[in-house]
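Here the structure is laid out as structure tokens; the discussion comes afterwards.
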Amino acid sequence: MVNPTIFRRRYTASSAPPGTLAPTEGALPPRLHAISYNGESMEEWTPEPDADLRSLQREGRRLWIDVQGLGDGTLVERLGRQFAMHPLVVADIVNVGQRPKVEDYGSQQFSVVRMVVLEDEAVRWEQVSVVMMRDLVLTFQERYGDCLDPLRERLRRGRKLVRESGSDYLAAMVVDGVVDGYFPVLEWYGESLESLETDVIEDPSRAVLARIYSMKRELMSMRRAVWPLRDALSSQLRDRSALIADDTVPYIRDTSDHVMQIVDVTETYRELAGSFVDVYLSSVGHRTNEVMRVLTVIGSIFIPLTFIAGIYGMNFDEIPELHWRFGYPAFWVVSVMVTALMLLLFRRLGWLGRGKKG
């Protein structure tokens, strides 16, 4: 489990004009993948970054260009010029860390979603940008690998719905695929919370407390990804673009329902993780009380013994049994009896073991 950054945004210099690019340092070099299809056939390419991708567009076919890795800002600029993308769209693609949103630019619709991937018990977030035009969809991802392979496989197998639908359906399925990738992560969070709950009760250590706060931070990142997306999809359904066909609307609504479900589960998990802090403090307080009770019992036992020993340690000549030959053994007999009686009393009061209830 890792601690995600609460806020990560590539921003431009102060007073920079709108559309200024701020590439991420250390970003991966781009890898391109293109799919052209219609109801009868499908073709795939792995174009070079400097290729003219406009030549892949053909009449009566849809084109999906996927760019993984944003290390070359000039590539995104070149694609922006080739396909007449709005300058603000190009800037939002390169300046990662954008808030999930859907924006309509007339001849093109731009969407930003957050993709989550679970790798080796660690959660990784990245920005996915989707540009949708007539018969064209461009997707831009920060890293290699994604959760969209099932969608590509549906295209390869010639599924009728995805092959014969327009680019609006393909863009909706890209967002839906990213949203569906949240559910395995939520299941992992649920299992982690169950394990964490057991540890909080049985072993409330500082390491457990650190895990609680780490979980709260991760769930905060999940919340920051899904809440704006919920509003964006609602806006997309309410102010529908001319690029979206009537047949695509139910699928966008279905994705919106999935996002609402993720929001509900995330909020429940956040409240549960927050309650673990109270459980942790209660468990620590209970342990402290147990230790203090044991110390109190031990101290209470030695109070009368100290009293008895203190009396016979006083420097008086006339003390009963002071010169009695059995005085020393009698002292120990009395001490043992007093200790036994006090232990019996503590047990009946319920301070030791189960004792008397109520």
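Here are the numbers for the structure shown:
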quantity	calculated
Test for Glu321: is it outside the structural domain of Ser165 (by TED's automatic domain parsing) and within 37 Å of the chain's Cα centre (by Cα)	no
Among the residues listed as Leu170, Leu193, Leu161, the single one being at pLDDT 90 or above, touching a Lys or Arg at 6+ places or on another chain (Cβ under 8 Å) and of a type outside the set (Phe, Trp, Tyr)	Leu170
Residue count for region 147-188, restricted to those that are without any contact (Cβ under 8 Å) to a residue 24 or more places away in the chain and within 24 Å of the chain's Cα centre (by Cα)	2
Candidates Leu219, Leu237, Leu243 - the one that is under 19 Å from Val130 (Cβ atoms) and in a helix (DSSP H, G or I)	Leu237
Given (1) farther than 16 Å from Val113 by Cα; (2) among the β-branched types (Val, Ile, Thr); (3) in contact with a helix residue (DSSP H, G or I) (Cβ under 7 Å, 6 or more places away or on another chain), number of the condition Ile298 does not satisfy	(3)
Candidate set: region 228-249, residues that are touching a residue at least 24 places away in the same chain (Cβ under 8 Å) and of a type outside the set (A, V, I, L, M, F, W, C); chosen: the one surrounded by the most Cβ atoms within 10 Å (Cβ to Cβ)	Gln236
Filter pass, Val265 being free of Cβ contacts under 8 Å to residues at least 40 places away in the same chain, among the aliphatic types (A, V, I, L, M), in the same structural domain as Met215 (by TED's automatic domain parsing) and surrounded by 11 or more Cβ atoms within 10 Å (Cβ to Cβ)	no
Matching option when the condition is within 28 Å of Val102 (Cβ to Cβ) and in the same structural domain as Arg270 (by TED's automatic domain parsing), among Arg143, Arg211	Arg143
Whichever residue in region 51-94 is at pLDDT below 90 and acidic (Asp, Glu) and, among such residues, is nearest to Ser129 (Cα to Cα)	Asp72
Candidate set: region 117-156, residues that are part of a strand (DSSP E or B) and among the aromatic types (Phe, Trp, Tyr); chosen: the one surrounded by the most Cβ atoms within 10 Å (Cβ to Cβ)	Phe140
Residue check for Tyr280: surrounded by 14 or more Cβ atoms within 10 Å (Cβ to Cβ), in contact with a Gly (Cβ under 9 Å, 6 or more places away or on another chain) and either of a type in the set (A, V, I, L, M) or more than 19 Å from Val175 (Cβ to Cβ) (or both)	no
Of residues in region 15-38 being modelled with pLDDT of 90 or more and part of a loop (DSSP other than H, G, I, E, B), the one surrounded by the most Cβ atoms within 10 Å (Cβ to Cβ)	Pro30
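Condition check ((1) in contact with a strand residue (DSSP E or B) (Cβ under 8 Å, 6 or more places away or on another chain); (2) at pLDDT below 80; (3) assigned to a helix (DSSP H, G or I); (4) within 30 Å of Trp188 (Cα to Cα)) across all residues:
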| site | (1), (2), (3), (4) |
| --- | --- |
| Thr255 | no, no, yes, yes |
| Glu290 | no, yes, yes, no |
| Trp332 | no, no, yes, no |
| Gly350 | no, yes, no, no |
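Conditions tested, residue by residue: (1) surrounded by fewer than 20 Cβ atoms within 10 Å (Cβ to Cβ); (2) under 30 Å from Val277 (Cβ atoms).
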| position | (1), (2) |
| --- | --- |
| Leu161 | yes, no |
| Ala172 | no, no |
| Phe183 | yes, yes |
| Trp188 | yes, yes |
| Ser192 | yes, yes |
| Val226 | no, yes |
| Tyr251 | yes, no |
| Val259 | no, yes |
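The values are calculated or read from the model by the stated rules, or taken from the named source; none is laboratory data. Note that the structure is predicted; figures quoted are calculated from it, not measured. Here the Cβ is made from the backbone with ideal geometry for all residues, glycine too, and neighbour counts use every protein chain on show.
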